[in-house]
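Undergrad: Take this structure first; my questions come after.
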Amino acid sequence: ASSDLPLQPLPQTSQDEIGQLIAAFNQLLMTLAKRDADLQDSRQHLQVVAQRLVEAQEIAHLGSWTLDLVTDTLLWSDEVYRIFEFDAQQFEPTYAAFVGAIHPDDRAAVDQAYTQSLITRSRYQIEHRLQLPDGRIKWVQERCQSDFDASGRALRSIGTVQDITDRKLAETALAQSRDLLLTVIEAIPMRVFWKDRQLNYLGCNTVLALDAGCQTPAELIGRDDYQM
C-alpha cells in the first residue's frame, strides 16, 4: 500500500448513539428470547393436547385414521392398533391389510360402502365385525369422510373406528331375554297384554289377539280398546 495516501478520520460515535445501539441490540435479544419461549410453550401445548387426545381415544375405544389416496399411505392412531390388536412396530397398515382383518362375511359390504362414498362424495357409517387371529370376534363402527380437489378427484379419506363389542353383546343378551320372555308368554294358558300410558296396545300374546278377532298380535299394536 502507498504511504502517500492520507488517512481518513474514523466516524465519531457519541455516547448517546452507542447507548441507543446497545438498547436496540438488547431489545432484539429480548424479542428473540420471547419468540423462543413462545415457541417452546407452543410445543409443550401441542404435546399436552396430543397426549390428551391419545388418552381420550383410549377411554372411548375410538381410534382415528387417515388414508392419503395420492400416495396410498394409511396412518392409524395408537387406539386403532389396540382395537385391531396389531403391533405398531411389526404391522404396516394398508387398505388391503385393513380389509383382511374384517370378518369374511362383512368384507364386501365394508368395501362397497367406502367405494360408494368416493363415487357419491358423501360420508358413510357402517358397523361390522373384525376377525382376530385367535378366532375372536369384535364389533366396530366405522365413520369416514373424504376430501376432493376441484376436478372431483379423491385426495384423502379420514375416519374413525370405535370398538362397540360390549354394546353388541348387551344387545344380543337383551334380544335373547326378550325372545325367552315372549316364548313364555305364548306358552302360558292366560291372556297377556301390555299398553302405553295412553292405553294403546304395545303387544299381547296370540291367545288374546285371537279373542279380539285378530290373526296376529301385531294387529292390535297402536290401537286402544275403543278401536277394538
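Undergrad: For Asp72, indicate whether it is at negative phi and either open to solvent by less than 80 Å² (accessible area, probe 1.4 Å) or modelled with pLDDT of 90 or more (or both).
TA: no
Undergrad: For Ala218, work out the one condition from (1) open to solvent by 80 Å² or more (accessible area, probe 1.4 Å); (2) in a helix (DSSP H, G or I); (3) farther than 27 Å from Asp106 by Cα it doesn't fulfil.
TA: That leaves (1) as the condition not met.
Undergrad: Starting from the stretch 59-81, take each residue that is among the charged types (D, E, K, R) and list its partners that are part of a helix (DSSP H, G or I) and open to solvent by less than 30 Å² (accessible area, probe 1.4 Å), counting only C-beta distances under 8 angstrom and pairs at least six apart or across chains.
TA: Asp78/Gln57; Glu79/Gln57
Undergrad: May I ask you to verify whether Pro93 is under 18 Å from Arg129 (Cβ atoms), without any contact (Cβ under 8 Å) to a residue 40 or more places away in the chain and assigned to a loop (DSSP other than H, G, I, E, B)?
TA: no
Undergrad: Taking the conditions exactly as written (open to solvent by 50 Å² or more (accessible area, probe 1.4 Å), under 20 Å from Leu74 (Cα atoms) and among the aromatic types (Phe, Trp, Tyr)), does Phe193 satisfy them or not?
TA: So Phe193 fails the test.
The values are calculated or read from the model by the stated rules, or taken from the named source; none is laboratory data. Worth saying up front: this structure is predicted, and the values here are computed from it rather than measured. Note: ideal-geometry Cβ built from the backbone for every residue, glycine included; neighbour counts use all protein chains shown. Side chains included, ligands, DNA and RNA excluded: accessible areas come from the protein's heavy atoms. Shrake-Rupley method; radii C 1.70, N 1.55, O 1.52, S 1.80 Å.
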